Amino acid sequence: MSEEETLTGSPTLRVMPVVFFNLLVYVVIGLPNAVIGAQFVHQTLGFPTAIAGMTITLQYLGTFLTRLVAGQLVDHHGPKKILRYGLIACTISGLLMCLAAAIPGLMGMNSATRYVALGVALLSRLFIGWAESWTATSVTTWNIRRVGPKHTSVAISWNGVTSYGGIALGVIIGKFLGSFMPVISLMPVGFAATAMGVFGSALLCFYTGVKPLPAKGEPMSFFTALRKVLPYGAALAAGSFGFGTVNGYLSIYYSANHWTSVGVAFSTFAVVFVLVRILFSSQIDKRGGVPVAYVSLVTEAVAMACFCLIHSSTGGLIGAALTGAGFSLLFPAMGTMAVQTDGPEFGGILIAAYSVFTDLTIAIVGPLMGAIQGSLGWSTMFAIVGILCVSGIFFSAVLSRIPGCGIQKTT
């Protein structure tokens, strides 16, 4: 399938063939979420809650570190080539999960093997983070080329639908696979992740990519792109505290309270996320990215209030649903603003720089919120996250006034 120029027809239908790879990788991301932290690291290996939460969120450190070069590579080499490497990283992550699960049985459970197994599991998280950054950046840039700048919000929105829909689907599949081997539940999850990575790599061979756009002048540095997208990235970072906390700690929160419906909560988050993205993403073009983003941040703050004040599985379910509703439109709302800060030939690096704000935030959520929860409890942790979400409105408004940041006004 060749797509050297922008294709005609429905923008939604145009993005589907390529966004499938994003779905594939995010299913793999979701596969271990219900087992690697609470079951493998916490219960099987015996590490504390903070380490279990960090295991989940370490993925985003890998995403952050590899995102620093993803945008420039996509702009220079084209998205298909970088996507291929993302799928290879996805396969390696699955193999490492299999190895981590096998170590206690092969070497016996003792102090040394606990740390070896933990190290391999953490390494698998870094590789899936690499897969996420190179896949998401490649797919988004590729689809923006397929639909044209006028439909940027469509390309970004469907990336998000497949991202969080994929995570939720992966969690459900991961719990199901883990039930077959409860003692080493990470093993079948690792096998599935490996198989999906191999399948994606094989499928990509049948696609013909787009050529890189010629740059006008010098290539844009990452830090220049970072400055341009700063006001929009600040709002994204604030909202990512809410998403990161739910993603990293929801399973542990339910487990600590002996609630068994964490799969329902994750599924509710994903369903609400997808429905809001599909039904209301048109509001971004109608009302503008900034107003939609501000409403999203307030919604996430309300979600954290529900976690804080309604201490029950029902409160957790409502909080997860509102987090999904709030975070759903935040990324595309500010993302459409971010890619308008320069020309389309720099689309990859602008998307990468913008995405770094969520990568870095979620990477620090694990240890930071784990420390807060351990010292002050669950309610205080959720209250602090709610305050951080709302602070994004202030920081975004202030940073947009700095010269060189955001979309520059012309006179």
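Within the set 349, 284, 362, the sole residue that is of a type outside the set (D, E, K, R), under 19 Å from the mean Cα position of the chain (by Cα), buried (at least 22 other Cβ atoms within 10 Å of the Cβ) and over 21 Å from residue 386 (Cα atoms) turns out to be 349.
Looking at region 198-209 only, could you name the residues that are among the hydroxyl-bearing types (Ser, Thr, Tyr) and either within 18 Å of residue 69 (Cβ to Cβ) or modelled with pLDDT under 90 (or both)? Working first, answer last.
Keep residues of region 198-209 that are among the hydroxyl-bearing types (Ser, Thr, Tyr), which gives 201, 207-208.
Result: 208, single match.
Every condition in (1) surrounded by fewer than 19 Cβ atoms within 10 Å (Cβ to Cβ); (2) part of a helix (DSSP H, G or I) is met by residue 268 except one, and the failing one is (1).
Considered as a group, the residues in region 307-327 that are more than 16 Å from residue 262 (Cβ to Cβ) and buried (at least 19 other Cβ atoms within 10 Å of the Cβ) include one that is farthest from the chain's Cα centre (by Cα), and that residue is 308.
In region 23-40, the residues that are touching a residue at least 60 places away in the same chain (Cβ under 8 Å) reach residues that are part of a loop (DSSP other than H, G, I, E, B) with C-beta atoms within less than 6 angstrom, at least six apart or across chains, in these pairs: 35/185; 39/185. Residues in region 375-388: is at least one within 17 Å of the chain's Cα centre (by Cα) and assigned to a helix (DSSP H, G or I)? Within region 375-388 (the criterion being within 17 Å of the chain's Cα centre (by Cα) and assigned to a helix (DSSP H, G or I)), the answer is no, since none of the residues qualifies. You will find that of 336, 314, the residue that is farther than 30 Å from residue 155 by Cβ and modelled with pLDDT under 90 is 314 and no other. Each residue in region 43-70 was checked for being under 21 Å from residue 368 (Cα atoms) and either of a type in the set (Ser, Thr, Tyr) or surrounded by fewer than 22 Cβ atoms within 10 Å (Cβ to Cβ) (or both), and 13 pass. Kindly evaluate residue 162 against the criterion of being of a type in the set (Val, Ile, Thr), assigned to a helix (DSSP H, G or I), in contact with a Leu (Cβ under 9 Å, 6 or more places away or on another chain) and at pLDDT 85 or above. For residue 162, the condition - of a type in the set (Val, Ile, Thr), assigned to a helix (DSSP H, G or I), in contact with a Leu (Cβ under 9 Å, 6 or more places away or on another chain) and at pLDDT 85 or above - is met. Taking the criterion of being surrounded by fewer than 24 Cβ atoms within 10 Å (Cβ to Cβ), at pLDDT below 85 and part of a helix (DSSP H, G or I), the residues of region 210-247 that qualify are 222, 223.
The values are calculated or read from the model by the stated rules, or taken from the named source; none is laboratory data. In this text, all values refer to a predicted model and were calculated from it rather than measured experimentally. Positions of Cβ are backbone-derived with ideal geometry, glycine not excepted, and every protein chain shown enters the neighbour counts.
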